[in-house]
Amino acid sequence: MAMAPPPFDPELAAALAAVAGHVPSTITVEWARRAREQGEYGVRDDEQLRRDGRFTVEERAVPGPPDAPDISLLICRPAGAVGARPVIYHTHGGGMILGDNRVGIIGALDWAQEFAAVVVSVEYRLAPEHPHPAPVEDVYAGYLWTVEHAAELGGDPDRIVIAGASAGGGLTAALALLVRDREAHRPLGQMLLCPMIDDRNDTPSAIQMDGIGVWDRGSNAVGWDALLGAARGGADVSGYAAPARAADLADLPPAFIDVGSAETFRDEAVAYASRIWQAGGVAELHVWPGGFHGFEGFAPQAALSQAARAARLPWLRRLLGE
Amino acid sequence: MEELAGRLTALDPDAGAAVRVIAYFDRLAESRVGLEVLVRGAAVLAGCPARLVDEDRRVHVRVEPDGTRRDTTAPPDATWPREPLAPDGTGTSAALWLERDTDPNVVDAVILERAAGAIRQVLDRTRGRARAEDPALLETLLDASADERARLTAAKRLGLDTADPAALFRAVAIRGGRPRVVPAAAALPAGRLGVGPAVSVLELPRSSSAARTALRFTAEGTPQDPGSSIVYADELGDLALLERLVAPGSEPTPDMRALRKAIADAPWMLATLHAVATTVSLRAAAAEMNVHHSTLQHRIAHAESLLGWSLRTPHGLWRLHLALVLRHLAATTHPE
């Protein structure tokens with residue numbers, strides 16, 4: 001029996017209603033195609049990224065995975081920073097099918113401003129034109145380049161935090177698994193914000209929120225189908241595509257995971273944190289009551305959004321030793 | 001997803017803006033959210049700080065357009081657009097402001113109106129109903145000739161705690177507004193006030209009549225109208241008897257005429273005579289007037305010559321004080 005979903009936080013619900021019409025609860029392949037044609041999302045204006053001269057901004061093409069095209073990294077470096085600064089390696093969201101390396105950059109820049117950190121945001125190839133493993137291999141290639149060139153960017157290769165929201169959170173979790181298994185240089189921590197990590201799409205929260213809020217079960221199916229095609233939900237899906245499928249979650253960098261209680265991804269995010277603990281790992285989990293998917297972006301001023309943002313900084317501060 | 005969907009932000013004054021504002025606050029009101037959320041809604045949708053102040057109920061909420069709470073005790077700017085939270089003439093200055101320094105936006109009025117409407121409901125629900133809202137109930141409560149049961153019912157409906165027989169209340173007469181009734185220990189409303197004695201619910205007509213008397217002894221507290229803006233009937237004592245002797249506009253007595261002549265002679269005269277009559281020594285009067293002791297001596301000598309009596313004897317000071325009070329009571333620019 002489908003249980004009633006948890007109510008949205010009232011302030012978030014009013015904000016969602018006010019911007020309703022931009023995104024349906026259930027998107028379709030057709031809607032996503034049109035959204036891609038019509039819109040460029042994220043911060044387009046470099047002046048806005050520079051934040052009154054606090055950052056220098058450049059876009060750099062670096063080698064992609066073997067036999068694949070170059071990838072583009074958006075690099076924001078703190079002006080006048082002294083010594084080797086922390087690095088935030090950012091992977092954008094957009095359901096595996098939308099967006100570019102300027103989506104979600106505001107949050108990463110906020111942290112970078114707090115800690116005088118370098119931000120590197122990776123552009124990866126999108127599904128369905130480029131199914132798994134193209135997106136995650138692009139993210140991995142960009143990470144390897146960042147490790148090798150961190151010093152050149154004024155960054156500290158031993159203090160790289162990998163971070164992303166939604167599909168970017170899923171790709172970030174997958175990156176942590178790839179780095180572990182390929183014995184690459186470990187990141188200091190992983191920030192998984194409302195991460196998209198389970199292609200099976202059948203948790204109680206996915207079922208509860210079907211047809212409601214933002215990025216419901218139907219939208220999630222569109223995203224995973226694009227990434228995995230017929231393999232989606234089957235027995236052979238790799239943990240590098242859907243990290244919830246990974247059999248072993250031991251020996252991962254410390255994780256910060258947050259999610260809303262009223263979104264599709266609630267249960268997979270909570271389960272991922274639990275499995276990290278069960279495997280002897282380190283994770284900090286925040287479940288924001290009444291939060292829908294991406295609530296903080298829709299209503300950045302709301303009390304719950306302020307609290308969610310504020311919770312991340314102390315974790316980063318402890319992790320970075322700043 | 002957020003960049004794909006747009007975000008809640010300051011509204012451009014287009015055709016749909018008012019509809020969205022109304023929908024936003026209606027939804028918040030339905031969910032019974034608190035004051036901060038409503039003030040934040042006003043700030044976010046207007047794109048400037050919003051401020052709620054209700055001194056009577058000790059409520060101060062100020063929110064920046066980025067959603068952060070940042071209260072202040074600085075007074076609101078008189079030029080900012082505002083929406084009062086109580087009807088005019090209830091003697092309360094409670095209001096919601098938009099700290100808009102540029103020309104008001106056409107959406108501002110809708111934001112203020114809808115946010116203030118929702119805020120009124122929250123204040124009534126959480127901070128007790130604003131008193132003096134229903135003039136008919138108040139009239140009954142303060143009418144000694146009204147039936148006792150009717151008065152008790154009116155008290156209950158005005159939100160007064162009538163269950164405790166020891167509970168005491170005061171009637172407060174307000175210049176330019178309807179009277180109010182407040183619990184004896186509660187803060188007074190803003191404005192120029194005559195405050196009645198603390199009494200039980202059924203004695204409120206007496207407190208009200210004393211409050212009206214006390215109000216006639218209040219002044220603006222300016223050099224043109226020196227004196228206290230709040231007068232307690234309890235502290236007035238038998239001076240209250242004078243109120244019955246002198247109606248506004250009544251024929252001046254010889255001392256009042258002499259006083260009028262003196263006041264017309266110099267701009268400093270009224271404030272100086274008031275200070276001399278109401279302080280315990282000439283030194284204190286000089287300090288209050290912020291003039292040198294010798295200047296005050298010269299002024300007093302001049303006043304004595306105009307008045308025709310000495311201001312250096314207890315009798316002469318008492319005569320001055322009485323003339324000042326009678327003049328004040330006879331003035332026609334008075335509250336009623």
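The stretch B:223-336 holds helices (runs of 4 or more DSSP H) entirely within its bounds, and those carrying 3 or more residues that are modelled with pLDDT of 90 or more map to B:233-236, B:254-265, B:269-278, B:293-307, B:314-330.
Inside the stretch A:1-111, counting only helices (runs of 4 or more DSSP H) that do not spill past its ends, which hold 2 or more residues that are within 14 Å of another protein chain (Cβ to nearest Cβ) and crowded, with 16+ Cβ neighbours inside 10 Å? Break it down stepwise before answering.
Working: elements: A:10-19, A:29-38, A:46-50.
In the stretch A:1-111, A:10-19, A:29-38 are the helices (runs of 4 or more DSSP H) which contain 2 or more residues that are within 14 Å of another protein chain (Cβ to nearest Cβ) and crowded, with 16+ Cβ neighbours inside 10 Å.
In the stretch A:141-252, counting only helices (runs of 4 or more DSSP H) that sit wholly within it, the ones holding 1 or more residues that are free of Cβ contacts under 8 Å to residues at least 24 places away in the same chain span A:167-181, A:217-228.
Could you check, for the stretch A:106-118, whether at least one of its residues is farther than 19 Å from A:PRO63 by Cα and charged (D, E, K, R)? Within the stretch A:106-118, one or more residues are farther than 19 Å from A:PRO63 by Cα and charged (D, E, K, R). Apart from one condition, B:VAL33 fits all of (1) at pLDDT below 95; (2) farther than 20 Å from B:ARG127 by Cα; the exception is (2).
Out of A:ALA242, A:ALA299, A:ALA310, one residue alone is of a type in the set (A, V, I, L, M), within 14 Å of another protein chain (Cβ to nearest Cβ) and either in contact with a strand residue (DSSP E or B) (Cβ under 8 Å, 6 or more places away or on another chain) or surrounded by 21 or more Cβ atoms within 10 Å (Cβ to Cβ) (or both). It is A:ALA299. Within the stretch A:221-239, the set of residues being surrounded by fewer than 24 Cβ atoms within 10 Å (Cβ to Cβ) and within 26 Å of A:HIS286 (Cβ to Cβ) comprises A:GLY239 only. One residue stands out in the stretch A:313-322 among those that are surrounded by fewer than 18 Cβ atoms within 10 Å (Cβ to Cβ) and modelled with pLDDT of 95 or more: the one that is farthest from the other protein chains (Cβ to nearest Cβ), namely A:ARG318.
The values are calculated or read from the model by the stated rules, or taken from the named source; none is laboratory data. In this text, all values refer to a predicted model and were calculated from it rather than measured experimentally. Neighbour counts are summed over all protein chains in view; Cβ atoms, including those assigned to glycine, are modelled from backbone coordinates with ideal geometry.
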